[in-house]
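**Q** Have a look at this one.
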Amino acid sequence: MNKNLRVRIKNVVLKTPLLTSSGTSGSRDEINLMQNRNKILASLGAFVTKGVSINESLGNKEPRIVEVRSGILNSIGLQNKGVRKFFEEDVPELRKYELPVVVNISASSVSEFGELSERILNYNTHSIIKGIEINVSCPNIKKGGAAFGADPLLVEQVVKEVKSKVHDSLCIITKLSPNVTDITQIGKAAINGGTDALSMINTLRGMAIDVHSGMPVLGNQIGGLSGPCIKPVGVYMVFECFRKIPECSRKEIPIVGIGGISNCSDALEYILAGATAVGIGTQWFINNTIFEDIHKDLATYLRKNNETIENLIGKAHGHSFKKNPC
Ligand SMILES: Cc1cc2nc3c(=O)[nH]c(=O)nc-3n(C[C@H](O)[C@H](O)[C@H](O)COP(=O)(O)O)c2cc1C
């Protein structure tokens, strides 16, 4: 194990700072079926699953993905098989990854988040699951479908509810939405609720219109933008949270930086902005060696510059330095 790459999120040790980002690497066969499976798994610090809810959800009307300039729009609609089947069918496969697994969760009310977390704790008999990532971008049915993630009070309540069910048995990561005026207020609310870490960003709300038909392209009309075009937004939001939230600046609450990462320099940007680890999503759709590429390049960068990831976290907030590039 390369110690220079090792990081920690609460009590979960990650051998590298690279994570899958929820919804982009499935929860079962996606990596197992790849020819380069072993290299991918050797490069990852943890596996983050597709969003899981209490009951099965069929997701949104098709088309659900459309390519746009420098990214994609998706409106999958949190399609999943429900938590019971997830544990019956997917977790035995995820066990083969031999990685810490983080379950991304979605629900439509505060109490449902609590119930789902309790079920995860009870089903997790082999302790494969090390953490829960709360997706606060999902719609709150009790408030007419507005996302939880835009309301600091609701975010605090959701995190408190999850924490009250799992206590310290699982690491709680709250995944923030960029579709807000001030992400630091939401981050602070999650910390007040007891989160162990923050991750950001989820997709940016967007849409595309077909000029021939004159109609929205996505079946759901509105979707979430991801890929290289959102990276500057993600880096900014990590930077802001690290700067303005004392628990983040003191590295007590680690941040997982997500959004548009395509190579080693992108991952480093997030780390220098304040991220302890990074999630990679959309780019994996077009480059199935992305995890091993970034892993190799990061290791080379650290060796050439006699650095560790731990030491680089948040360095963009201090003095500038000259380093050999990735
Ligand atoms: C097809 C697709 C499905 C996604 N599903 C989820 C999900 O279930 N839960 C979640 O929190 N984020 C989900 N996301 C958001 C990603 O995890 C990630 O935050 C976002 O795509 C930005 O990262 P990227 O630019 O590297 O893809 C999804 C993204 C895509 C593209």
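The values are calculated or read from the model by the stated rules, or taken from the named source; none is laboratory data. The shown structure was predicted, so the numbers you read here are calculated from the model rather than taken from an experiment. Virtual Cβ from ideal backbone geometry, glycine too; neighbours counted across all protein chains shown. Ligands, DNA and RNA are stripped out before the accessible areas are found, and what is left, the full protein with its side chains, is counted by its heavy atoms. Shrake-Rupley method; radii C 1.70, N 1.55, O 1.52, S 1.80 Å.
**Q** Filter segment 136-151 down to the residues that are crowded, with 20+ Cβ neighbours inside 10 Å and not aromatic (Phe, Trp, Tyr), then identify the one that is farthest from the ligand (Cβ to nearest atom).
**A** It comes out as ASN140.
Okay, residues lined up against (1) surrounded by 15 or more Cβ atoms within 10 Å (Cβ to Cβ); (2) out of contact with any strand residue (DSSP E or B) (no Cβ under 9 Å at 6 or more places or on another chain); (3) of a type in the set (Val, Ile, Thr):
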site: GLY274; (1), (2), (3): yes, no, no
site: ALA277; (1), (2), (3): yes, no, no
site: PHE285; (1), (2), (3): yes, no, no
site: ILE294; (1), (2), (3): yes, no, yes
site: THR300; (1), (2), (3): no, yes, yes
site: ALA316; (1), (2), (3): yes, yes, no
site: SER320; (1), (2), (3): no, yes, no
site: PRO325; (1), (2), (3): no, yes, no
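**Q** Kindly indicate whether any position in segment 124-144 is farther than 25 Å from LEU14 by Cα and assigned to a strand (DSSP E or B).
**A** yes
**Q** Please work out which residue is farthest from the chain's Cα centre (by Cα), limiting yourself to segment 244-295 and to residues that are among the hydroxyl-bearing types (Ser, Thr, Tyr) and under 20 Å from ILE186 (Cα atoms).
**A** SER249
**Q** Let me ask something else about it. Given the structure, is SER111 part of a helix (DSSP H, G or I) and within 16 Å of the ligand (Cβ to nearest atom)?
**A** no
**Q** Within segment 1-25, take every residue that is in a loop (DSSP other than H, G, I, E, B) and either within 16 Å of the ligand (Cβ to nearest atom) or free of Cβ contacts under 8 Å to residues at least 60 places away in the same chain (or both) and give me the one that is most open to solvent (accessible area, probe 1.4 Å).
**A** MET1
**Q** Across segment 179-211, what is the total count of residues that are near the ligand (Cβ under 10 Å from one of its atoms), outside any strand (DSSP E or B) and open to solvent by less than 10 Å² (accessible area, probe 1.4 Å)? Reasoning before the result, please.
**A** Within segment 179-211, the first condition is being near the ligand (Cβ under 10 Å from one of its atoms), and the residues that meet it are 199-204.
Still in the list and also outside any strand (DSSP E or B): 201-203.
Filter again for open to solvent by less than 10 Å² (accessible area, probe 1.4 Å), leaving 201.
Looking only at that region, the number is 1.
**Q** State yes or no: is ILE40 within 30 Å of LEU302 (Cβ to Cβ) and modelled with pLDDT under 95?
**A** When the stated conditions are applied, ILE40 does not pass them.
**Q** Could you tell me which residue of segment 77-95 is most open to solvent (accessible area, probe 1.4 Å), considering only residues that are part of a loop (DSSP other than H, G, I, E, B) and modelled with pLDDT under 95?
**A** Among those that are part of a loop (DSSP other than H, G, I, E, B) and modelled with pLDDT under 95, it is GLN79.
**Q** Related question: Give just the number: which of (1) touching a residue at least 60 places away in the same chain (Cβ under 8 Å); (2) out of contact with any Gly (no Cβ under 8 Å at 6 or more places or on another chain) does SER137 not satisfy?
**A** (2)
**Q** Of all the residues that make up segment 262-307, how many are within 15 Å of the ligand (Cβ to nearest atom) and in a loop (DSSP other than H, G, I, E, B)?
**A** Within segment 262-307, residues that are within 15 Å of the ligand (Cβ to nearest atom) and in a loop (DSSP other than H, G, I, E, B) number 7.
**Q** Taking segment 212-231, which residues are more than 13 Å from the ligand (Cβ to nearest atom) and open to solvent by 60 Å² or more (accessible area, probe 1.4 Å)?
**A** The answer is HIS212, SER213, MET215, GLN221, ILE222.
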